[in-house]
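One structure below.
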Amino acid sequence: MAIIVDRSGMGQGAGIASGRLVALDLARSAALLAMAVFHFVFDLELFGFVAPGTTMLPFWRWLAYLTAGSFLFLVGVGLVLGHGRGIRWRGFFRRFARIAGAAALITLATWIAMPDVFIFFGILHCIAAASLLGLVFLRLPVPILLALGAFVLWLPNAMRFAAFDAPWFWWTGLQAVGLRSVDYLPIFPWFAPVLFGIAAARLMDRAGLWDRLARWQAGAMARALAFAGRHSLAVYLIHQPVLISLVWLAAQLRG
């Protein structure tokens with residue numbers, strides 16, 4: 001599941017003072033916690049500590065969907081805050097390179113570890129692609145953004161196309177063939193939360209809510225809880241190896 005969004009400061013984005021927004025870091029921390037809970041249960045299932053198929057139950061599947069959607073929603077918010085009034089290309093491509101590089105490492109690692117279900121277009125791949133694609137939509141009116149988001153959600157559920165069955169089109173999510181991967185978030189329908197995030201950030205800017213959030217004096221507890229959100233890509237890359245190692249150790253001790 002997902003993770004990095006653009007800079008939470010808004011110097012050239014929403015027109016307020018530069019710096020991080022603790023509120024957005026807290027939102028990312030909450031999404032990271034939900035992701036870690038899901039992955040922990042997945043690891044418990046993998047090693048037989050919980051019943052097979054547990055993570056396929058409706059509660060866990062919806063937790064996974066909502067968590068991934070929240071990360072992508074924050075991608076849209078971050079694009080507006082960082083680039084809404086002028087794209088900062090250097091900063092954008094520096095972050096894009098980090099996310100795309102991490103996505104490539106995930107693909108390589110999972111291809112070696114589990115070639116039958118390796119991650120070829122997971123959450124990091126989707127974030128990288130959606131961040132680049134999202135730049136095209138930053139200036140669109142909010143009603144159009146909402147309508148496009150609804151269309152992106154609807155299309156893969158309504159129709160699929162054999163013309164997209166070749167592997168180099170699988171990033172679209174519009175192929176007619178079934179695919180197997182432990183983490184697969186194609187552009188259709190997962191670009192929709194990004195469009196909704198762009199629309200929401202634009203509306204919040206008009207209402208002056210970003211200025212209010214920027215003036216919020218967060219306490220020590222809030223800043224501590226926001227730590228993971230400030231380092232979300234690192235947390236994403238590290239958390240699953242740590243969790244699966246702990247569960248594996250528990251399995252060895254159990255005998």
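The values are calculated or read from the model by the stated rules, or taken from the named source; none is laboratory data. Worth saying up front: this structure is predicted, and the values here are computed from it rather than measured. When we count neighbours, we look across all protein chains shown, and the Cβ atoms used for this are built from the backbone with ideal geometry, even at glycine. For the accessible areas, the whole protein counts, side chains as well, though only heavy atoms, and no ligand, DNA or RNA atoms are used. Shrake-Rupley method; radii C 1.70, N 1.55, O 1.52, S 1.80 Å.
Here the Debye sum runs over all C-alpha atoms of the range 126-191 as equal scatterers in vacuum, and log10 of I(q)/I(0) at q = 0.14, 0.20, 0.28, 0.29 Å⁻¹ comes out as -0.45, -0.86, -1.27, -1.30. At a probe radius of 1.4 angstrom, the accessible area of the chain per residue rounds to 51 square angstrom.
Principal axis analysis of the Cα atoms in the range 63-106 yields extents of 35, 26, 6 Å, listed in decreasing size. Once the Kirkwood radius over Cα pairs is known for the range 136-237, the Stokes-Einstein relation at 37 °C and 0.692 mPa s delivers a diffusion coefficient of 197 µm²/s. With the charge dipole of the chain set up from +1 on Lys and Arg Cβ and -1 on Asp and Glu Cβ about the Cα centre, the Cα lying farthest toward the positive end among the listed residues 55, 33, 169 is that of 33.
Structural descriptor for the chain: relative contact order 31 percent, calculated from alpha carbon pairs under 8 angstrom and at least 6 residues apart. Compared with the dominant principal axis of the Cα atoms in the chain, helix 89-113 is inclined by about 10°. At 222 nm, what helix-only mean residue ellipticity would the chain give, in deg cm²/dmol to the nearest 500, using -39500 (n - 2.57) for each DSSP H run of four or more? Computed mean residue ellipticity for the chain: -21000 deg cm²/dmol. For the range 26-141, the alpha-carbon radius of gyration amounts to 1.24 times the rule-of-thumb value 2.2 N^0.38 Å expected for a compact globular protein.
So which chymotrypsin sites (Phe, Trp or Tyr not before Pro) in the range 169-229 end up in coil per DSSP with only 15 or fewer other C-beta atoms within 10 Å? Please report the intermediate quantities before stating the final value.
Values: sites: 169, 170, 171, 184, 190, 191, 196, 210, 216, 227; in loops: 191, 216.
In loop regions of the range 169-229 (DSSP not H, G, I, E or B), the sparsely surrounded chymotrypsin sites (Phe, Trp or Tyr not before Pro) are 216.
Temperature 25 °C, viscosity 0.890 mPa s: under these conditions the Stokes-Einstein estimate for the chain, based on its Kirkwood radius over C-alpha pairs, is 128 µm² per second. Couplings 3J(HN,Hα) of the range 30-37, computed from phi: 5, 5, 5, 5, 4, 4, 5, 4 Hz, in residue order, whole Hz [Karplus 6.51 cos²θ - 1.76 cosθ + 1.60, θ = phi - 60°; x for Gly and Pro].
Against the chain, whose longest principal axis is taken from its Cα atoms, helix 192-206 shows a tilt of about 30°.
For the range 86-141, the spherically averaged projection of the C-alpha convex hull amounts to 4.3 nm². When the chain is treated as a GNM with alpha-carbon contacts under 10 Å, the residue of 142, 194, 80 showing the greatest mean-square fluctuation is 142. Taking Cβ atoms as reference points and 12 Å as the exclusive limit, the residues near residue 248 contribute a net charge of 0, counting Lys and Arg as +1 and Asp and Glu as -1.
Could you calculate the contour length gain from residue 151 to residue 37, that is, 0.36 nm times the residue separation minus the distance between their Cα atoms, to one decimal place in nm? Could you put the intermediate results ahead of the total?
Details: separation 114, 0.36 × 114 = 41.04 nm, distance 3.08 nm.
That pair, residue 151 and residue 37, stretches by 38.0 nm at full extension.
Would you please put 118-124, 69-75, 174-180, 20-26 in order of how densely packed they are, using the mean number of other Cβ atoms within 10 angstrom per residue and starting with the highest? Could the numbers behind the result be given before it?
Details: 118-124: 22.4, 69-75: 25.9, 174-180: 12.4, 20-26: 20.6.
For the peptides 118-124, 69-75, 174-180, 20-26, the packing ranking is 69-75, 118-124, 20-26, 174-180.
Our summary of shape: the Cα atoms of the range 75-188 have principal axis extents of 44, 34, 18 Å, ordered from largest down, in whole angstrom. Convex hull volume of the C-alpha atoms in the range 173-223, normalised per residue: 89 Å³. Look at the dipole of the chain built from charges on Cβ: of 114, 141, 96, the Cα furthest out on the positive end belongs to 141.
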